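Quick note: the coordinates plus some simple rules give every number you see, no bench work behind them. Since the structure is predicted, the reported quantities are computational estimates derived from the model, not experimental observations. No Cβ is skipped: glycine too gets one built from the backbone with ideal geometry, and neighbour counts run over all protein chains shown.
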Amino acid sequence: MTIRKIVHVDMDAFYASVEQRDDPRLRGKPVVVAWQGNRSVVCAASYEARRFGVRSAMPAIRAERLCPEAIFVPPDFPRYRVVSRLAREIFQQHTDLIEPLSLDEAYLDVTENKTGLPTATRVAKAIRQQICEELHLTASAGVAPNKFLAKIASDWRKPDGLFVIQPGDVDAFLSPLPVGRLPGVGKVTEERLKQIGVQTAGDLRCLESAALESQFGRHGARLYELARGIDHSMVVPNRPTQSISAEDTFERDVLLAETETAICRLADKVWSASRKESRIARTVVLKLKTSGFSILTRSFTPALPPATCDELKQIALSLRKRIDIGAQQRFRLVGVALSNFREPEDTPGQPALFS
């Protein structure tokens, strides 16, 4: 059986690094990419800001407290998308098997590569060098025989690092690895594993699949494989869109009746983004987060998919009627999404726009 060669490329502090690259005044400074405000969250933080404990997804107001000297820069996603596309063009010089995870990271299957380089390590080095020379940015890369190991490896020597896990080194690498580093092991699962004496992947390897499945259901079988470095998932280029969403956090908590303007604005964004898809979304989703941080979602799949932005707005607004937790409940966030994408031929026929 051919051993796969997978590279995971992860741009370093991507949004913040683009800002520092394009504005020399920001270089060497603690940069936080976020809108300032009580409800804003950090999109990215430069490594200078991270030294103060600032992290992505942290409330911006907390980042401000941790790093009073931080320079806040509002995000410019169209510019980041342009740079992301240029990075992907570099990847495409080496392989067509590219699976983007976000604007700043992707899996590459280089089991066979276009440039004839003899090893995946050489491919990863070449890609990182091109990113540095052509985009004036840095990227970290992980090389391994499968996706989950490559992703762990790319984080091993950040920033601007390269780490390789050879097939023969998988067991030695995994054994001391804390179970919290395994994909899909969140804080709750990690705590449950610790309660049964499992601290590391090596400890996990001592448990049989049946025992893990009895404790964790289907995820137990996955844990059994991960502890042994097994991951058969393929690098899937051009993975179909599963959903398109937009959400907004209010400056102050609001009543349900006060969310209409935000829902309509978010529906505009989602509808505009969905027009770039060849497939058609069947389901409309409304998401709300209460002042107590509970998340509520309601969805509806109409007989015919929304044909206009106004239809999308009407459905999203109507979903509010299914939120029944008290008229005085306040909300801090609202989101709108389109999901359940289907090929046009698999979608119920739409009436003609002009007849």
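Figures for the structure shown
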quantity	calculated
Derived scalar couplings ³J(HN,Hα) [region 233-244; Karplus, 6.51 cos²θ - 1.76 cosθ + 1.60; whole Hz; x for Gly, Pro]	5, 8, 6, 10, x, 6, 4, x, 4, 8, 7, 10
Segment Gln129-Glu69, extension gain: residue separation times 0.36 nm, minus the distance between their alpha carbons	18.4 nm
Table column - 3J(HN,Hα) (Hz), region 121-137, Karplus curve with 6.51, -1.76, 1.60, x for Gly and Pro	4, 5, 5, 4, 4, 5, 5, 5, 5, 5, 4, 5, 6, 8, 9, 6, 9
All-pairs alpha carbon distance profile, region 251-306, 5 Å steps from 0, percent	4, 14, 21, 25, 17, 10, 7, 1
Dipole of the chain, positive end: most advanced residue of Gln36, Phe77, Ser339 [Cβ charges, Cα centre]	Gln36
Semi-axis lengths, Å, region 15-75, gyration tensor of Cα atoms, sqrt of 5 times eigenvalues	17, 12, 9
Under-5 Å amide H pairs with Ala281, H placed in peptide plane, nonlocal only	Arg342
Loop-located chymotrypsin sites (Phe, Trp or Tyr not before Pro) in region 101-189, at most 16 other Cβ atoms within 10 Å (DSSP)	Trp156
Euclidean distance of C-alpha centroids, region 33-88 and region 214-239, integer Å	32 Å
Percentage relative contact order, region 91-194, counting C-alpha pairs under 8 Å, at least six apart	15 percent
Within region 112-243: Cβ-based charge dipole about Cα centre, in debye rounded to nearest 20 (Lys, Arg +1; Asp, Glu -1)	200 debye
Equivalent ellipsoid semi-axes - Cα gyration tensor, region 1-126, angstrom	34, 14, 13
Region 43-49 - phi-based ³J(HN,Hα) in whole Hz, Karplus 6.51/-1.76/1.60, Gly and Pro as x	7, 6, 9, 5, 5, 5, 6
Percent of Cα-Cα distances greater than 16 Å, calculated over region 127-234	61 percent
For the chain, with +1 on Lys and Arg beta carbons and -1 on Asp and Glu, the positive-most of Pro68, Ala126, Val54 along the dipole	Pro68
Unit charges at the beta carbon, dipole of the chain: most positive-side option, Thr308, Leu117, Val236	Thr308
Kirkwood-based shape ratio for region 150-195, expressed as Rg/Rh from alpha carbons	1.03
Size of charge dipole - region 243-344 - debye, nearest 20, with Cβ of Lys, Arg +1 and Asp, Glu -1, no other charges	200 debye
Taking the chain and dividing mean pair separation by its residue count, relative contact order in percent (alpha carbons under 8 Å, at least six apart)	14 percent
Gain on full stretching of the segment that runs from Asp169 to Lys276 - 0.36 nm per residue minus C-alpha separation	34.2 nm
Kirkwood Rh in Å, taken over region 243-344 so that all alpha-carbon pairs contribute	13.7 Å
Cβ charges +1 (Lys, Arg) and -1 (Asp, Glu), total dipole of the chain, debye	520 debye
Cα pair distances in the chain, grouped into 10 Å bins until the bin that holds the longest one, percent each	5, 19, 24, 30, 19, 4, 0
Cβ-derived FRET efficiency at R0 22 Å, Ile196 paired with Arg218, nearest 0.05	0.75
Rg(Cα) / (2.2 N^0.38 Å) computed for region 174-227, rounded to two decimals	0.94
Given Lys114/Lys276; Lys151/Lys287; Lys194/Lys269; Lys29/Lys125; Lys5/Lys29; Lys194/Lys321, the pairs whose alpha carbons are separated by over 32 Å	Lys194/Lys269; Lys5/Lys29; Lys194/Lys321
Highest-MSF residue in the chain out of Ser214, Ser84, Ser154 [GNM, Cα springs under 10 Å]	Ser214
